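To start, the structure itself, in structure tokens.
The values are calculated or read from the model by the stated rules, or taken from the named source; none is laboratory data. From a predicted model like this one, the values you see are computed outputs, not experimental measurements. Every residue, glycine among them, receives a Cβ derived from its backbone with ideal geometry; neighbour counts consider all protein chains shown.
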Amino acid sequence: MASTPETPSEGMEPDGTTQLILRAGSGDDKAMGLLYAKLYPEIKRVARARLAQAGGVTGLNATALVHEGFMRMAEREGLQGSTRVQFFAYIGKVLRSIVIDFVRARDSEKRGGGETLLTLSHAESAPDSGFTAIDIIALDRAVAQLKLVDENMYHTAELHFFCGMTIEETATARGVSTRTINREVLKARAMLGEWLETSA
């Protein structure tokens, strides 16, 4: 069953959100705080989805993940994106990187004592998935390999598989047609699946 879109469309953007994103991106700490408060419920839904997608990561919860995400943006990376869709795409990337860092640290302590699993079929308008469940660390390596092969396909995979964007939202963020995104999603899924089988 298709899930509810996690990222509101550009046309539904509440008044003032874009200005807050732009101000926060330019280093305005007050705007960052206001943006955090304004979008917190939606960002927390994205965080819950990322944790569920990763098979439920013991030791992390949605509240802690959202907090760490904003801390990382404020202290290390800054805020990227000038629209609501771009903002949520970036949030999705940051939250995924935190989950991966957490899993790597935990698994290094356990010396391989358990894999964290991830599925690639969750967003609305997603083609049927050929994936069941896979190791999130192996997937991260495969995604890095995809970036070397085709950067456009890599961006599509990031937005659609990992940031929770629908086909339509991904097309808007990329500035291409939904037909192009559908084609890239199918090809990316096939390539990632092949690499993951090879590395298994």
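What are the pairs, 6+ residues apart or on separate chains, where a residue within the range 32-46 that is touching a residue at least 12 places away in the same chain (Cβ under 8 Å) and more than 11 Å from Ile21 (Cα to Cα) has its Cβ under 8 Å from a residue that is assigned to a helix (DSSP H, G or I) and small (Gly, Ala, Ser)?
What qualifies is Ile43/Gly69; Lys44/Ala62; Val46/Gly92.
Out of (1) crowded, with 16+ Cβ neighbours inside 10 Å; (2) in a loop (DSSP other than H, G, I, E, B); (3) at pLDDT 75 or above; (4) not β-branched (Val, Ile, Thr), what's the single condition that is false for Gly69?
For Gly69, the exception is condition (2).
Where the second residue is at pLDDT 75 or above and acidic (Asp, Glu) and the first is in the same structural domain as Ser26 (by TED's automatic domain parsing) and lies in the range 57-79, which pairs have Cβ atoms under 7 Å and are six or more apart or on separate chains?
Note: no pairs meet the criteria.
For the range 133-174, enumerate the residues that are among the small types (Gly, Ala, Ser) and at pLDDT below 90.
So in the range 133-174, the residues among the small types (Gly, Ala, Ser) come out as 133, 138, 142, 144, 157, 164, 171, 173.
Ala133, Ala138, Ala142, Ala144, Ala157, Gly164, Ala173 - these are the residues of the range 133-174 that are among the small types (Gly, Ala, Ser) and at pLDDT below 90.
For the range 72-90, name all the residues that are in a loop (DSSP other than H, G, I, E, B), at pLDDT 75 or above and surrounded by 18 or more Cβ atoms within 10 Å (Cβ to Cβ).
Within the range 72-90, no residue meets the criteria.
I want to confirm something. Restricting to the range 158-200 and keeping residues that are surrounded by fewer than 24 Cβ atoms within 10 Å (Cβ to Cβ) and in a loop (DSSP other than H, G, I, E, B), which single residue is farthest from the chain's Cα centre (by Cα)?
Only one residue tops the list, namely Ala200.
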